[in-house]
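Undergrad: Before anything else, here's the structure in question.
The values are calculated or read from the model by the stated rules, or taken from the named source; none is laboratory data. Please read these numbers as outputs of a predicted model, since none were measured by experiment. Here the Cβ positions follow ideal geometry from the backbone for every residue, glycine too, while neighbour counts run over all protein chains shown.
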Amino acid sequence: MFFAAVVAATGADADSLRVAKFNTELARRGPGLLLRDIARGEDAQVTATLQVIAAAHPDILVLQGFDYDLTGAALTAYQRALTAWDIDFPYSFAARPNTGMATGLDMDGDGRRGGPRDAQSYGRFSGQGGMAVLSRYPIDVDAVQDFTDMLWQEVPDALLPQADGEPFPSEEAQAIQRLSTTAHWAVPIDVPDIGRVTIMTFHASPPVFDGPEDRNGRRNHDEITFWQHYLAGSFGTAPQDRFILMGDFNQDRRGGEGIKAAITTTLDDPRLQDPLPRSTGSDIITGDPFDTADWDDPIPGNLRVDYVLPSADWRILGSGVLWPDPETPLGQAVEIASRHRLVWVDIAR
């Protein structure tokens with residue numbers, strides 16, 4: 001495990017915390033299929049994601065692209081599978097995401113109803129490509145703030161799409177359209193010797209796959225901007241310290257499509273720190289060492305879309321993007337696991 005040793009050398013000590021996020025892209029095309037693939041223990045992608053997580057060995061991990069089911073069976077099976085890699089996450093949180101949640105309306109303006117894009121957000125079934133938080137330390141589930149059902153129009157100065165001067169796709173659709181593509185959560189975790197740590201996490205819409213109304217681009221902007229409003233106290237009580245904003249923003253301030261104002265404002269927010277994690281393995285063949293996703297295509301190319309941003313009161317001890325030499329065994333696992341790379345940050349008080 002070449003790269004595991006590299007990560008461990010900069011690992012957290014007894015008074016520090018390693019937090020990580022990883023878009024596993026384990027979403028399957030039908031309900032129950034992810035549980036099947038985990039349970040069989042023969043799926044190459046599942047195994048590769050386990051190997052990636054084991055190499056980083058985080059204390060708290062946010063998973064994206066992980067199918068949600070009502071009983072949590074897939075997540076429980078995945079936690080059990082991680083123990084074989086010496087990763088013990090006894091605590092977890094997951095809730096129903098907006099992906100695949102049926103609306104009964106035409107939500108994408110194509111004149112038809114009932115398709116994957118007519119859900120609250122894209123999904124072939126309810127829960128496809130959801131999220132989860134895994135932790136070595138107790139999660140106060142009763143104190144989780146879940147904003148997943150908040151309407152898009154409730155965001156201050158919301159950039160709701162229009163076409164020909166009318167609400168897109170319709171006034172009726174906008175009246176029920178939720179902000180979150182997947183979810184917005186503030187998850188409190190009680191960490192020994194540190195205290196209560198709040199994980200603020202989400203998985204935003206990609207700012208593409210729409211039309212001139214820029215529906216997805218505008219939604220992406222407002223999903224990111226939500227956290228500015230949250231920290232300002234617009235949506236209940238927000239933590240004043242010991243928080244980390246982490247997730248798949250689906251936005252790069254330097255390149256790719258989308259409205260750049262939200263990501264720029266977030267990265268420049270004095271309440272947050274950007275550790276600028278970079279590839280800690282060999283040089284990436286193409287792209288920037290801060291990139292976190294490999295799209296395989298010249299356009300948009302590699303981008304930085306995955307972020308771990310601790311609040312300003314933390315001390316940053318180390319950070320990295322798990323993107324090793326593709327010729328190593330771990331590098332090969334990384335390539336199989338996901339187009340996204342795991343991002344980790346070591347922090348202390």
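Undergrad: Whether any residue in the stretch 43-59 is buried (at least 23 other Cβ atoms within 10 Å of the Cβ), under 17 Å from the mean Cα position of the chain (by Cα) and within 30 Å of ALA173 (Cα to Cα) is what I want to check.
TA: Checking the stretch 43-59: not a single residue is buried (at least 23 other Cβ atoms within 10 Å of the Cβ), under 17 Å from the mean Cα position of the chain (by Cα) and within 30 Å of ALA173 (Cα to Cα).
Undergrad: Out of GLY247, GLY258, which single residue is crowded, with 16+ Cβ neighbours inside 10 Å, touching a residue at least 24 places away in the same chain (Cβ under 8 Å) and within 18 Å of ASN98 (Cα to Cα)?
TA: GLY247
Undergrad: Residues GLY123, GLY114: which one is surrounded by 22 or more Cβ atoms within 10 Å (Cβ to Cβ), modelled with pLDDT of 95 or more and over 23 Å from ALA186 (Cα atoms)?
TA: It is GLY123.
Undergrad: Just one of (1) in contact with a strand residue (DSSP E or B) (Cβ under 7 Å, 6 or more places away or on another chain); (2) over 18 Å from ARG18 (Cα atoms); (3) buried (at least 16 other Cβ atoms within 10 Å of the Cβ); (4) among the small types (Gly, Ala, Ser) trips up ALA74, so point out which.
TA: ALA74 satisfies every listed condition except (1).
Undergrad: Next up: Mind checking whether some residue in the stretch 137-144 is part of a loop (DSSP other than H, G, I, E, B), on the phi > 0 side of the Ramachandran plot, touching a residue at least 24 places away in the same chain (Cβ under 8 Å) and within 22 Å of the chain's Cα centre (by Cα)?
TA: No, that holds for no residue.
Undergrad: In this structure, does ARG218 turn out to be crowded, with 18+ Cβ neighbours inside 10 Å and more than 16 Å from the chain's Cα centre (by Cα)?
TA: yes
Undergrad: Separate question: What residue, of ARG341, ARG271, is within 16 Å of ALA55 (Cβ to Cβ), at pLDDT 95 or above and in contact with a Leu (Cβ under 8 Å, 6 or more places away or on another chain)?
TA: Result of the check over ARG341, ARG271: ARG341.
Table: residues versus (1) acidic (Asp, Glu); (2) in a loop (DSSP other than H, G, I, E, B); (3) under 30 Å from LEU276 (Cβ atoms).
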site: ALA20; (1), (2), (3): no, no, yes
site: GLU42; (1), (2), (3): yes, yes, no
site: SER92; (1), (2), (3): no, no, yes
site: PRO97; (1), (2), (3): no, yes, yes
site: GLY109; (1), (2), (3): no, yes, no
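Undergrad: Which one of the conditions (1) modelled with pLDDT of 95 or more; (2) more than 21 Å from the chain's Cα centre (by Cα); (3) surrounded by fewer than 16 Cβ atoms within 10 Å (Cβ to Cβ) does GLY236 fail to meet, given that it meets all the rest?
TA: Going through (1) modelled with pLDDT of 95 or more; (2) more than 21 Å from the chain's Cα centre (by Cα); (3) surrounded by fewer than 16 Cβ atoms within 10 Å (Cβ to Cβ) one by one, GLY236 breaks only (1).
Undergrad: Also, quick follow-up: Answer yes or no as to whether GLY255 is at pLDDT below 95 and either at positive phi or of a type in the set (A, V, I, L, M) (or both).
TA: No, not satisfied.
Undergrad: Quick test for you: out of VAL208, VAL187, pick the one residue that is within 24 Å of PHE22 (Cα to Cα), outside any loop (DSSP other than H, G, I, E, B) and touching a residue at least 24 places away in the same chain (Cβ under 8 Å).
TA: Of VAL208, VAL187, the one residue that is within 24 Å of PHE22 (Cα to Cα), outside any loop (DSSP other than H, G, I, E, B) and touching a residue at least 24 places away in the same chain (Cβ under 8 Å) is VAL187.
Undergrad: Here's another thing I want to ask about it. So, in the stretch 127-183, exactly how many residues are surrounded by 22 or more Cβ atoms within 10 Å (Cβ to Cβ), farther than 21 Å from ASP210 by Cβ and in contact with a helix residue (DSSP H, G or I) (Cβ under 8 Å, 6 or more places away or on another chain)?
TA: Here the count works out to 2.
Undergrad: Looking at the stretch 320-332, which of its residues are crowded, with 22+ Cβ neighbours inside 10 Å and either in contact with a helix residue (DSSP H, G or I) (Cβ under 6 Å, 6 or more places away or on another chain) or closer than 30 Å to PRO239 by Cα (or both)?
TA: Passing the criteria: GLY320, VAL321, LEU322, PRO324, LEU330.
Undergrad: Just give me the residues in the stretch 289-319 being surrounded by fewer than 18 Cβ atoms within 10 Å (Cβ to Cβ) and among the β-branched types (Val, Ile, Thr), in sequence order.
TA: Answer for the stretch 289-319, where residues must be surrounded by fewer than 18 Cβ atoms within 10 Å (Cβ to Cβ) and among the β-branched types (Val, Ile, Thr): ILE299, ILE316.
Undergrad: Every residue in the stretch 317-332 that is over 23 Å from MET246 (Cα atoms) and of a type in the set (Gly, Ala, Ser), please.
TA: Within the stretch 317-332, GLY331 is the sole residue that qualifies.
Undergrad: May I pose another question? Got a number for residues in the stretch 239-253 being under 15 Å from the mean Cα position of the chain (by Cα) and of a type in the set (D, E, K, R)?
TA: Of the residues in that region, 2 qualify.
Undergrad: If you don't mind, there's one more thing I want to ask. Considering only residues that are part of a helix (DSSP H, G or I) and either surrounded by fewer than 24 Cβ atoms within 10 Å (Cβ to Cβ) or at pLDDT 60 or above (or both), which ones fall in the stretch 5-18?
TA: ALA5, VAL6, ALA8, ALA9
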